[in-house]
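The values are calculated or read from the model by the stated rules, or taken from the named source; none is laboratory data. What you see is a predicted model; the values in this text were computed from it and never measured. Ideal geometry is used to build each Cβ from the backbone, glycine not excepted, and the neighbour counts take in all protein chains shown. SASA here: full protein model, heavy atoms, side chains in, ligands and nucleic acids out. Shrake-Rupley method; radii C 1.70, N 1.55, O 1.52, S 1.80 Å.
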Amino acid sequence: VFERYLSVWVTLCIVTGIAIGKVSPGLVGALSRMEVSHVNLPVAVLIWLMIYPMMLRIDFSAIRDVGRRPKGILIVLFVNWLVKPFSMAFLGWLFFKHLFAGIIGPSLGDQYLAGTIILAAAPCTAMVFVWSYLTDGDPAYTLVQVALNDLIMLFAFAPIVIFLLGVSNITVPYDVLLYSVLLYIVIPLAAGAASRAALLRIYGPAWFEGTFLARLKPVTIVALLATLVIIFAFQGEVILGKLSHIALIAIPLLLQVYFNSGLAYGLAWRLRVPHSVAAPGALIGASNFFELAVATAISLFGLTSGATLATVVGVLVEVPVMLSVCSICNRTRHWFTEPTASRSSNQPEHQSTDRRDHVQHNLCFAIASM
């Protein structure tokens, strides 16, 4: 029942957050001042509760199988790290510094540009598994793609963001950005890997997958909803006063999503990559690790900054846009001649399709109000 009416809870959280920010500015101010080294503690705790269960699902031992089908991996790494951040920086510069400059002004233009760059430099880690499932993607291969992205993110996220923000004449405290990477990637990744290894060794995979992760699922959802309340409480005044700006921020974000997903999907088709690898690759190239992006923007520019607002807009458009990319991938499955690898030999095709359609229907319902 809770998941079926997720759209209701999300809407309530957004409305509640904005209402709290409007009615109780003192409470919001007190929460915003709970910081250590420019990191807001309530937000940090909630994001940790979201990220840690995601990290528990990643099995880095799967990386040893990457050499068997390297094309899909190379395409994803190329799009994520050599195209996506730089294409977003160009689109942000074009729209925020030129096309929309007369509407938003130079100061907010810099802030929105910074937020979109931070968003694009953080590839998605968790929701990719949902997108892969909806397109009958190969789950083992998707796991390898996500694991490699996480490893590269440890070393490449901060330098890419610093370089692109530096080119855009935006000053960034290097130590704060590195601290964000340490707090939101390194520590939860290490904790997840250590916990996963220990629990699997002691209790076995059946208990770990069927009991432990299932018990953590409500924690993740509640943390996500609570984070929405806090973020929209902090951003409520800005959102109510700049609804038109949200639409302007969404335009380059949407262009970036469809450009990068189309590029990854087209390269996979050209190089004859199986659809079960090509579709998740396109989705990985388009989605973002918005938890890290929001946290980094808050750490660098503040809770009520334009940069943070830009990353929050990324959260708002992520799910519906990614569902549209899933639909495109499913409709063009016939472009690929090789069979999908994710469907087992004893599972009829109609069962897989029905199961996927059921999940996609529920997700569509969940985002109806977003």
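Residue by residue, what Karplus-based ³J(HN,Hα) values in Hz, rounded to whole numbers, does the stretch 293-298 have, using 6.51, -1.76 and 1.60 with θ = phi - 60° and x for Gly and Pro?
In residue order, the calculated couplings are 5, 4, 4, 5, 4, 5 Hz.
With a ≥ b ≥ c taken as the square roots of the eigenvalues of the C-alpha gyration tensor of the stretch 218-326, please select rounded if a/c is under 1.5 and otherwise prolate if a/b is larger than b/c or oblate if it is not?
prolate
Provide the per-residue ³J(HN,Hα) series for the stretch 79-93, in order, calculated from phi with Karplus coefficients 6.51, -1.76, 1.60 and θ = phi - 60°, each as a whole number of Hz, with x at glycine and proline positions.
Calculated HN-Hα couplings, in order: 5, 5, 10, 10, 10, 4, x, 6, 5, 5, 4, 5, 4, x, 4 Hz.
Can you tell me the order of 150-157, 89-96, 190-197 when each peptide is scored by its average per-residue count of other Cβ atoms within 10 angstrom, highest first?
89-96, 150-157, 190-197
Classify the stretch 8-54 as rounded, prolate or oblate from the Cα gyration tensor: take a ≥ b ≥ c as the square roots of its eigenvalues, call it rounded if a/c is under 1.5, otherwise prolate when a/b beats b/c and oblate if not.
Taking the square roots of the gyration eigenvalues as a ≥ b ≥ c, the stretch 8-54 is oblate.
Rounded, prolate or oblate, given the Cα gyration tensor of the stretch 210-272, with a/c below 1.5 counting as rounded?
Because a/c hits 1.5 or more and a/b fails to exceed b/c, the stretch 210-272 counts as oblate.
At a Förster distance of 22 Å, what's the computed FRET efficiency of ALA214 paired with SER61, Cβ-Cβ distance as r, to 0.05?
E between ALA214 and SER61, to the nearest 0.05, is 0.45.
Using a 10 Å cut-off on Cβ atoms, rank the peptides 107-114, 22-29 from the highest mean neighbour count down.
107-114, 22-29
List the residues, sorted by chain then number, that are 5 or more residues from ASN288 or on another chain and whose placed amide H is less than 5 Å from its amide H.
Excluding prolines and chain starts, which carry no amide H, the hits are CYS124.
If DNA, RNA and ligands are ignored and the probe is 1.4 Å, what is the ranking of PHE163, PHE86 by accessible area, most exposed first?
Ranking PHE163, PHE86 by accessible area, largest first, yields PHE163, PHE86.
If I stretch the segment between ARG270 and TYR203 completely, what's the gain in nm (0.36 nm per residue apart, minus their alpha carbon distance), one decimal?
Length gained, ARG270 through TYR203: 19.6 nm.
Quickly work out the ALA101-to-ILE328 label distance, labels modelled 7 Å from Cα along the C-beta direction, and quote it in nm with one decimal.
3.0 nm
Output ³J(HN,Hα) for the stretch 111-124: one whole-Hz value per residue in order, computed from phi by the Karplus curve 6.51 cos²θ - 1.76 cosθ + 1.60 with θ = phi - 60°, and x for Gly and Pro.
Working through the residues one at a time gives 5, 5, 4, 4, x, 5, 5, 4, 5, 6, 7, 10, x, 5 Hz.
Put THR332, THR337 in order of accessible area, largest first, 1.4 Å probe: what do you get?
THR337, THR332
If one computes the Cα centroid of the stretch 143-166 and of the stretch 273-308, what distance in Å separates the two points?
If we compute the Cα centre of each part, the gap is 11 Å.
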